[in-house]
Amino acid sequence: MPVTYDPNAAYEVSVTEEIYNTNEGGEWPVRLYQPQGAGPFPAMLDVHGGAWSTGSYLNNEAVDHAIAASGMVVAAIEFRQAPDYPYPAQIIDANYGTRWLKARAADLNADPDSVGALGTSSGGHTLVSSALRPNDPRYASLKAPGGYDASVRYAITGWPVLDSHARYLYAKTSGEDRLMKSSENYFGTEDIMREGNPQLVLERGEQTHTPPMIILQGTADSNVPLSISENFVESYRAAGGSVERELFPGLPHAFTRDPGPETDRAIAMMKDFIARQFA
């Protein structure tokens with residue numbers, strides 16, 4: 001039976017943690033939000049932001065819990081961060097996490113063919129980098145159980161860094177020293193910022209997958225210029241991908257961290273978008 005998703009459903013949610021990945025950086029946890037019901041449910045990976053160097057798998061806790069309560073197994077992963085672990089460490093971990101979630105799906109009362117993903121801020125860069133090139137041998141370098149690939153059924157991105165080089169130049173010219181330094185700590189050089197760059201991957205025609213995508217962003221986002229998501233939408237559609245872009249007037253970067261009607265509206269948009277992928 002094909003898995004279904006009803007954005008208006010309501011379930012109790014069990015929250016647990018386990019280790020999903022062990023590598024030279026140590027043991028890396030995943031927080032699992034599991035609806036309590038018959039299932040099987042669809043599943044979603046959450047890749048948090050933090051300028052590739054901060055943040056945690058609790059960043060999107062409110063969003064993760066709300067989506068799980070509508071009938072979605074959500075796996076929020078922790079992963080290696082800069083400066084200790086430069087590019088492409090985070091993409092490797094997210095790629096592995098996607099394959100791990102597919103392999104664990106049956107045990108989690110989920111369907112491996114249903115796995116989509118959410119990525120916010122630098123986590124949007126990480127998620128989309130893997131989603132566009134899920135079989136890139138660098139990104140898929142960690143062996144995972146089950147023999148699955150890291151393709152995703154859909155991608156939800158919040159205020160994402162979809163052009164890592166353009167964001168670096170913006171930070172440099174705007175005097176945003178923290179953002180500039182975080183880019184340097186993760187990528188090292190501008191050449192690497194251009195190589196590991198979803199926007200330029202599309203322009204170079206290097207993508208192998210273009211999953212349906214939605215981009216959410218506040219118009220008062222001072223971390224990521226609106227032109228970055230605008231340009232990405234144009235290039236994604238030119239590459240044959242389906243993408244939606246929803247702007248939230250007057251709201252800042254990472255606005256869903258705070259409860260309120262606009263956060264509720266963003267979560268409702270995410271649920272509606274997911275539902276359309278299973279219609």
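In summary, SER227 fulfils each of the numbered conditions (1) surrounded by 14 or more Cβ atoms within 10 Å (Cβ to Cβ); (2) out of contact with any strand residue (DSSP E or B) (no Cβ under 6 Å at 6 or more places or on another chain); (3) small (Gly, Ala, Ser); (4) outside any loop (DSSP other than H, G, I, E, B) with the single exception of condition (1). Checking each residue in region 131-168 for being charged (D, E, K, R) and either over 23 Å from ILE215 (Cα atoms) or assigned to a loop (DSSP other than H, G, I, E, B) (or both) picks out ARG133, ASP136, ARG138, LYS143, ASP149, ARG153, ASP163.
Hey, can you tell me all the residues within region 4-34 that are within 28 Å of ILE92 (Cα to Cα) and crowded, with 18+ Cβ neighbours inside 10 Å? Within region 4-34, TYR20, ASN21, TRP28, VAL30, ARG31, LEU32, TYR33, GLN34 qualify.
When the residues of region 177-195 are filtered to those that are surrounded by 17 or more Cβ atoms within 10 Å (Cβ to Cβ), over 20 Å from the mean Cα position of the chain (by Cα) and free of Cβ contacts under 8 Å to residues at least 60 places away in the same chain, the one that is farthest from SER227 (Cα to Cα) is GLU184. Just one of the listed residues (ALA89, ALA51) is crowded, with 16+ Cβ neighbours inside 10 Å, at positive phi, at pLDDT 95 or above and of a type in the set (A, V, I, L, M), and it is ALA51. Listed here are the strands (runs of 3 or more DSSP E) enclosed by region 1-103 that have at least 2 residues being among the aromatic types (Phe, Trp, Tyr): 26-35.
Suppose the filter is in contact with a helix residue (DSSP H, G or I) (Cβ under 7 Å, 6 or more places away or on another chain) and either basic (Lys, Arg) or in a loop (DSSP other than H, G, I, E, B) (or both); does PRO211 pass it?
yes
Taken over region 171-194, residues that are part of a helix (DSSP H, G or I), of a type in the set (D, E, K, R) and out of contact with any His (no Cβ under 7 Å at 6 or more places or on another chain) amount to 6.
Screening the candidates VAL201, VAL243 for the property of being of a type outside the set (D, E, K, R) and without any contact (Cβ under 8 Å) to a residue 40 or more places away in the chain yields one hit, VAL243. Kindly check whether there is at least one residue in region 112-131 that is under 25 Å from ILE192 (Cα atoms), without any contact (Cβ under 8 Å) to a residue 40 or more places away in the chain and surrounded by fewer than 22 Cβ atoms within 10 Å (Cβ to Cβ). Within region 112-131, not a single residue is under 25 Å from ILE192 (Cα atoms), without any contact (Cβ under 8 Å) to a residue 40 or more places away in the chain and surrounded by fewer than 22 Cβ atoms within 10 Å (Cβ to Cβ). Remark: ALA10 matches the filter, which requires a residue to be touching a residue at least 12 places away in the same chain (Cβ under 8 Å) and not charged (D, E, K, R). You will find that of THR256, THR263, THR219, the residue that is polar (S, T, N, Q), modelled with pLDDT of 95 or more and surrounded by fewer than 17 Cβ atoms within 10 Å (Cβ to Cβ) is THR219 and no other.
The values are calculated or read from the model by the stated rules, or taken from the named source; none is laboratory data. This structure is a prediction, so every number in the text was calculated from the model and none was measured. Don't worry about glycine lacking a Cβ; one is built from the backbone with ideal geometry, like all the others, and counts go over all protein chains shown.
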